[in-house]
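Colleague: Below you will find the structure I want to go over with you.
No value in this document is a laboratory result; all are computed from the given coordinates. No experiment lies behind these values; they were computed from the predicted model shown. Backbone-built Cβ (ideal geometry, glycine too); neighbour counts: all protein chains shown.
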């Protein structure tokens with residue numbers, strides 16, 4: 001009971017910080033995500049055994065440049081498409097459950113484009129606003145939280161058919177269906193009340209659960225390689241920041257691209 005209470009309190013504080021800053025101060029939100037991403041970066045580097053002091057400096061430089069509007073279109077596109085490419089590549093490795101050897105160059109690419117590059121597109125979603133409010137960002141987070149929560153609840157109650165047992169033994173097709181259905185209902189409500197996505201709302205509703213689940217699988221893949229249960233202990237009851245942000249980090253560049261397309 002004590003662990004559940006601790007988990008609930010830390011989760012509420014985490015959500016409250018994100019929600020308050022995204023609606024009150026873009027600078028505060030950029031700083032908050034930079035701190036969270038920096039902690040997730042540190043945990044990720046521990047998992048892949050790649051300690052590089054340059055990586056956090058790059059993260060700080062990119063977030064600062066993005067907030068000040070200093071990123072050129074070329075650099076912006078480089079990080080977007082490189083993040084999409086690297087995320088797709090590690091997804092293939094994950095689904096095939098290949099224990100590939102990561103060289104120094106590979107670890108640098110993973111750190112720069114998967115962790116840092118993907119994280120960059122979280123605060124950039126603030127610029128995608130509706131009626132002056134960051135609704136695209138809010139419902140991005142809310143969709144992933146709803147999907148993950150209902151996937152867990154459904155899977156724990158009726159989950160029998162394993163989704164990818166070699167990587168994440170507890171995930172089931174029933175849980176995935178429960179999370180996806182809840183996300184579909186949520187975004188149906190969102191579209192009917194906020195008119196964010198137009199006729200493409202259902203495609204966003206179907207893609208986000210799939211991407212969030214893949215993001216979780218990718219993180220599980222790295223944790224299994226490192227033979228650890230959690231990426232860290234910084235968030236009481238939740239593990240580490242990488243544990244908490246895995247789906248959001250992975251999904252952010254894909255979601256950003258989808259918003260550009262629609």
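Colleague: Take the alpha carbon atoms of the range 219-262, find their center, do the same for the range 156-174, and report the distance between the two centers in whole angstrom.
Modeller: Taking the Cα centre of each part, the range 219-262 and the range 156-174 sit 19 Å apart.
Colleague: Additional query: So what's the gap between the Cα centers of the range 29-102 and the range 180-214, to the nearest angstrom?
Modeller: 26 Å
Colleague: Shifting gears a bit: Please work out whether the range 116-262 counts as rounded, prolate or oblate from its C-alpha gyration tensor, where a ≥ b ≥ c are the square roots of the eigenvalues and a/c under 1.5 means rounded, while otherwise a/b larger than b/c means prolate and anything else oblate? Don't jump to the answer; show the numbers that get you there.
Modeller: On the way: a/c = 2.14, a/b = 1.39, b/c = 1.53.
Taking the square roots of the gyration eigenvalues as a ≥ b ≥ c, the range 116-262 is oblate.
Colleague: For the range 90-159, what does the alpha-carbon gyration tensor say about shape, rounded, prolate or oblate, given a ≥ b ≥ c as the root eigenvalues, a/c under 1.5 as rounded, and a/b over b/c as prolate?
Modeller: On the way: a/c = 4.35, a/b = 1.21, b/c = 3.59.
Because a/c hits 1.5 or more and a/b fails to exceed b/c, the range 90-159 counts as oblate.
Colleague: Looking at the chain as a GNM with Cα springs under 10 Å, which of 75, 126, 48 has the largest mean-square fluctuation?
Modeller: The residue with the greatest mean-square fluctuation here is 75.
Colleague: While we're on this one: Divide by every residue of the chain the summed helix terms, -39500 (n - 2.57) for each DSSP H run of at least 4, and state the resulting mean residue ellipticity at 222 nm, rounded to the nearest 500 deg cm²/dmol. Please report the intermediate quantities before stating the final value.
Modeller: Numbers: 9 runs with 183 residues, N = 262.
Theoretical 222 nm ellipticity from helices: -24000 deg cm²/dmol.
Colleague: Comparing 200, 114, 30, which has the greatest mean-square fluctuation in the GNM of the chain with Cα pairs linked when under 10 Å apart?
Modeller: Highest fluctuation among the options: 200.
Colleague: In addition: If the label point is 7 Å along Cα→Cβ of residue 13, which residues in the range 206-237 have backbone nitrogen under 12 Å from it?
Modeller: Hits in the range 206-237 for residue 13 at 12 Å: 234-237.
Colleague: Going by the alpha-carbon gyration tensor, a ≥ b ≥ c the square roots of its eigenvalues, is the chain rounded (a/c under 1.5) or, if a/c is not under 1.5, prolate (a/b greater than b/c) versus oblate? Please report the intermediate quantities before stating the final value.
Modeller: Details: a/c = 1.33, a/b = 1.01, b/c = 1.32.
Rounded shape, in that the Cα axes give a/c under 1.5.
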